[in-house]
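What follows is calculated from the coordinates using simple rules that are stated; it is not laboratory data. Treat the numbers as computed from the prediction; the structure is a model and nothing was measured. Every residue, glycine among them, receives a Cβ derived from its backbone with ideal geometry; neighbour counts consider all protein chains shown.
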Amino acid sequence: MIEALHRAHEANIKISATVILGIGGLEYDFEHIRDTAELINAAPITYLSTLQLGLEEESKERFLKHFDTFTPLNDLQILQEQRHLLSLINPPQKIIFRSNHASNALHLSGTLPKDSEKLITQIDDAMRVGESVMVPRWMRGF
C-alpha cells in the first residue's frame, strides 16, 4: 500500500485517506492505531480524515458475526484512540487533517504535524468536560 501511495504521489496525484476510528474494537485498539500511524508516517498523504465507526441496528448483527470477539468503543474510548493516533503521526509532508464527518463525537481540523498539540489539547479538554461538548448521538446518523 505504501509503495502504491508513493507511485500515485510521483504521478502528482494528491492522496486523500480516511481512518475509521474504532474499527479494531477494544480487542485491537492499540494495534489498529499503531499500524495506521506507521502507514501515515511512511506515505505522502495530502488529506487525512477520521470518522467514527457506527453500527446501525440492521447491519450490526451481520458485522459482528465476522468476529470471534468485538467490543465497540464508546465515545471517550474513540477520543482516546484519536488522541493516540495524533500523538503518533509524524508525516513526511504536511497533511490537511479533518475530523468533521457526521459520525464523529468531536469535530477537529488542522494541519499535521503543526497543529498536533492543539488538536490533542482539544481532545483532552473534551474528555475532561464529557458528553456536553460532543455531538449528540441522535445527530450522528446511528
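Qualifying GluC sites (Glu not before Pro) in segment 27-125, where qualification requires a DSSP coil assignment and no more than 10 other C-beta atoms within 10 Å, comprise Glu56. Please list, in order, the residues from segment 4-45 whose amide nitrogen is less than 15 Å from a point placed 7 Å along the Cα→Cβ vector of Thr69. Flagged as within label range: 24-31.
If you take the alpha carbon atoms of segment 2-139 and fit the smallest convex hull around them, that volume is 117 Å³ per residue. In order along segment 36-47, the Karplus-derived 3J(HN,Hα) couplings, from 6.51 cos²θ - 1.76 cosθ + 1.60 at θ = phi - 60°, round to 5, 4, 4, 5, 4, 5, 9, 10, x, 7, 8, 10 Hz, and Gly and Pro are given as x.
Listed by chain and number, the lysines whose C-alpha is less than 20 Å from the C-alpha of Lys65, apart from same-chain residues fewer than 8 away, amount to an empty set. Residue order for Thr111, Thr50, fewest other beta carbons within 10 angstrom first, comes to Thr111, Thr50. Projecting the Cα positions of Ser109, Leu53, Phe63 onto the charge dipole of the chain (unit charges on Cβ atoms of Lys, Arg, Asp and Glu, taken about the Cα centre) puts Ser109 furthest along the positive direction.
Per residue of the chain, the DSSP helices (runs of n ≥ 4 H) give a summed -39500 (n - 2.57) that works out to -13000 deg cm²/dmol at 222 nm. When only Cα pairs below 8 angstrom with a gap of at least 6 residues are kept, segment 22-142 shows a relative contact order of 30 percent. Note on Arg98, Arg137, Arg62: ascending count of other Cβ atoms within 10 Å places them as Arg62, Arg137, Arg98, the fewest first. As a proxy for reagent exposure, His32, His66 were ordered by neighbouring Cβ count within 10 angstrom, fewest first; the result is His66, His32. When only the Cβ of Lys, Arg, Asp and Glu is charged (+1, +1, -1, -1), the dipole of the chain relative to its Cα centre reaches about 500 debye.
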